[in-house]
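The values are calculated or read from the model by the stated rules, or taken from the named source; none is laboratory data. These figures come from a predicted structure and were not determined experimentally. Virtual Cβ from ideal backbone geometry, glycine too; neighbours counted across all protein chains shown.
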Amino acid sequence: MKKSVLSAMVVVLLLGLSGYASFFIAPTDAKQGLIYRILFLHVASAWTGLTSFFICFIANLLYVLRRQPRWDWLGVSAGETGLVFTTVVLLTGPIWAHPVWGIWWTWDARLTSTFVLWLLYVSYLLLRTLVEEPDRRALLSALFGIFAFIDVPLVFGSIRWWRTQHPQPIIMGAPGAGLDPTMYKVLFFTWLAMLGLMTLLLRQRYRLEAMRGDLEIIQRELEAA
Amino acid sequence: MALLSSTAVLLDKELRTEFRSRELLTTTTVFVLIVIVLFSFSFDPTSEESRRFGAGLLWLALLFAASLMLQPCFLREQSNDTLSALRLSVSDPFAIFLAKLVANTLFLLLTELLLLPVFAVLYNVSVLPMLHWLVLVFFLGSLGVSITGTALSAISAQARMRELLLPLLLLPLLTPILVASTEVTAALFDRSPYVQWKGVGFLAVFDLAFLTILWLLGEYLLEE
Amino acid sequence: MKNLNSVFAAYMIGWTVFFVYYISVSRRTMALREEIERLKNSLSRGK
């Protein structure tokens, strides 16, 4: 109890600091002005989402090899938190795009691949709701998770290769192109804070899934009794 | 060697099951035909633009058709309770997948070859000069669809709402295939056609990557 | 100070999503905990 409160406080502090840094320490962008400050939330969420999906992939692999329920719990938790962060990316993207490019959505390579990524993990979570038996659900979703994650670089590659005739965004044209060093530092700090938030959410969600496991055991006992 | 011979036996079984009724082939072909005709109402199919759109809608129709066609692949085994017998009959479960995915690739290719002339006439594109390249692209694309589709149909067959679930799992996964084969096909449909090697290579990489994963994970997909 | 509204909206929406998710997980956890307690009680009474 004490430890969890402490870690939550640390994360909130980090997030507050990163918020302060994004608005008051990072210099204003010469071309875009104030609006570019969405970058810190947007890009850091994207990186954190990818980190989360990577954790999901590792957990999926470990489940298939070891068959311990905890890897299944970690897998679903990481898949869900990854989806939350990617949702934030997809929501903040258009808000940024609208004043800068004049349109809400552009089929830019990264935005589009992130959308496909989001859809893949929605399918992953959907699959879980459609398999009743716990062991089978864990195995099938882990296998699909592995397929989905292997697909990610191919999705990014294909969209980037063929779908870039659209107007290239200014900042996202190349990774971090034109970012000043202070902006970089603030971005990495924000990512760090977001990773803290991810860990917090992941742990909370993992506990929930572990309790579901307990519940299933009790229910089986009740049926046997 | 043992893998190849058992694959050959199983493939023979798959083909015989299908060609006895030709259910899959006829329904898939009709489905794609319907989609191609209906699509023509959404834009002017005689315009120059249709050369660009044509390839994409052809592939989109094929992907939708494939996600329906791959449905019975494992479902049939399950409802007839033949899957465990199948698993006992071969030493390497990869043979089951190999036979099924080769059969599915063949079915898809047959559908495509039947529909290509129809498509060429309706959308006013010339396919003959580039036919051998088109066959290569359709082969690589269909192979990729069959590899992932066969694997995922083994997953969806074990879940509820299977008929709806397979397209949901499969279609986002096939984004790279859709993008790459659309671009290569569009280049071949062009007024001055050319082979986009980059795309052909990409499709080969996709196929190889997923074939490897299927080889590694196949046995887990069929676990009881 | 152009576009201040957009920046504000983006940060608000972002943080709302995180917050809502956190709350939803906490509530699901709470509901599940009660359910487990209830079942455990009925299990021990049954014995």
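Could you tell me which numbered condition A:I55 fails, if it satisfies all but one of (1) in contact (Cβ under 8 Å) with a residue 40 or more places away in the chain; (2) touching a Pro at 6+ places or on another chain (Cβ under 6 Å); (3) of a type outside the set (S, T, Y)?
(2)
Could you give every pair whose Cβ atoms fall below 6 Å, whose first residue belongs to the range B:156-178 and is within 16 Å of B:S146 (Cα to Cα), and whose second residue is crowded, with 21+ Cβ neighbours inside 10 Å and aromatic (F, W, Y), counting only separations of at least 6 or pairs across chains?
Qualifying pairs under 6 Å: B:A157/B:F74; B:P176/B:F206; B:L178/B:W59.
In the range B:202-214, is there at least one residue being surrounded by fewer than 18 Cβ atoms within 10 Å (Cβ to Cβ), more than 18 Å from A:V155 (Cβ to Cβ) and out of contact with any His (no Cβ under 6 Å at 6 or more places or on another chain)?
There is no residue in the range B:202-214 that is surrounded by fewer than 18 Cβ atoms within 10 Å (Cβ to Cβ), more than 18 Å from A:V155 (Cβ to Cβ) and out of contact with any His (no Cβ under 6 Å at 6 or more places or on another chain).
Among the helices (runs of 4 or more DSSP H) confined wholly to the range B:144-224, which include 3 or more residues that are touching a Pro at 6+ places or on another chain (Cβ under 7 Å) and within 30 Å of A:L139 (Cβ to Cβ)?
B:197-221
Against the conditions (1) closer than 25 Å to A:W101 by Cα; (2) more than 12 Å from every other protein chain (Cβ to nearest Cβ), where does A:L39 fall short? Just the number, please.
It is condition (2) that A:L39 fails.
What tally of residues in the range A:1-36 results from selecting those that are at the interface with another protein chain (Cβ under 10 Å from one of its Cβ atoms), surrounded by fewer than 17 Cβ atoms within 10 Å (Cβ to Cβ) and outside any helix (DSSP H, G or I)?
Number of matching residues: 1.
Regarding the range B:76-91, can at least one residue be identified that is part of a helix (DSSP H, G or I), in contact with a helix residue (DSSP H, G or I) (Cβ under 6 Å, 6 or more places away or on another chain) and modelled with pLDDT of 85 or more?
no
Restricting attention to the range C:8-32, report how many residues are at the interface with chain A (Cβ under 8 Å from one of its Cβ atoms) and either exposed (fewer than 15 other Cβ atoms within 10 Å of the Cβ) or under 30 Å from A:L39 (Cβ atoms) (or both).
11
Is it the case that the range B:85-100 has a residue that's aromatic (F, W, Y), in contact with a Leu (Cβ under 9 Å, 6 or more places away or on another chain) and within 14 Å of another protein chain (Cβ to nearest Cβ)?
Yes, the range B:85-100 has at least one match.
Does the range A:25-38 contain at least one residue that is closer than 21 Å to A:L179 by Cβ and acidic (D, E)?
yes
What tally of residues in the range A:98-125 results from selecting those that are farther than 18 Å from A:W73 by Cβ and either without any contact (Cβ under 8 Å) to a residue 60 or more places away in the chain or within 11 Å of chain B (Cβ to nearest Cβ) (or both)?
The total comes to 18.
Conditions: (1) surrounded by fewer than 12 Cβ atoms within 10 Å (Cβ to Cβ); (2) at pLDDT 85 or above; (3) at the interface with another protein chain (Cβ under 7 Å from one of its Cβ atoms). C:G46 meets all but one. Number of the miss?
(2)
Residue under question is B:S79, and the condition is that it be among the small types (G, A, S) and over 18 Å from the mean Cα position of the chain (by Cα); does it hold?
Answer is yes for this residue.
Consider A:Q68 carefully, then state whether it is more than 12 Å from chain C (Cβ to nearest Cβ), among the polar types (S, T, N, Q) and more than 11 Å from the chain's Cα centre (by Cα).
It is true that A:Q68 is more than 12 Å from chain C (Cβ to nearest Cβ), among the polar types (S, T, N, Q) and more than 11 Å from the chain's Cα centre (by Cα).
Hey, can you tell me all the residues within the range C:1-37 that are at pLDDT 90 or above and of a type in the set (K, R)?
C:R27, C:R28, C:R33
Kindly indicate the residue of the range A:126-156 that is facing chain B (nearest Cβ under 7 Å) and of a type outside the set (A, V, I, L, M, F, W, C) and also surrounded by the most Cβ atoms within 10 Å (Cβ to Cβ) among those meeting that condition.
The qualifying residue surrounded by the most Cβ atoms within 10 Å (Cβ to Cβ) is A:D151.
For B:L166, indicate whether it is modelled with pLDDT of 90 or more and surrounded by 23 or more Cβ atoms within 10 Å (Cβ to Cβ).
yes
Quick test for you: out of B:L122, B:L140, pick the one residue that is within 27 Å of B:L15 (Cβ to Cβ) and touching a helix residue (DSSP H, G or I) at 6+ places or on another chain (Cβ under 9 Å).
Unique residue meeting the criteria: B:L140.
So, in the range B:177-212, of the ones that are closer than 21 Å to B:F64 by Cα and among the charged types (D, E, K, R), which residue ends up nearest to the other protein chains (Cβ to nearest Cβ)?
B:E183
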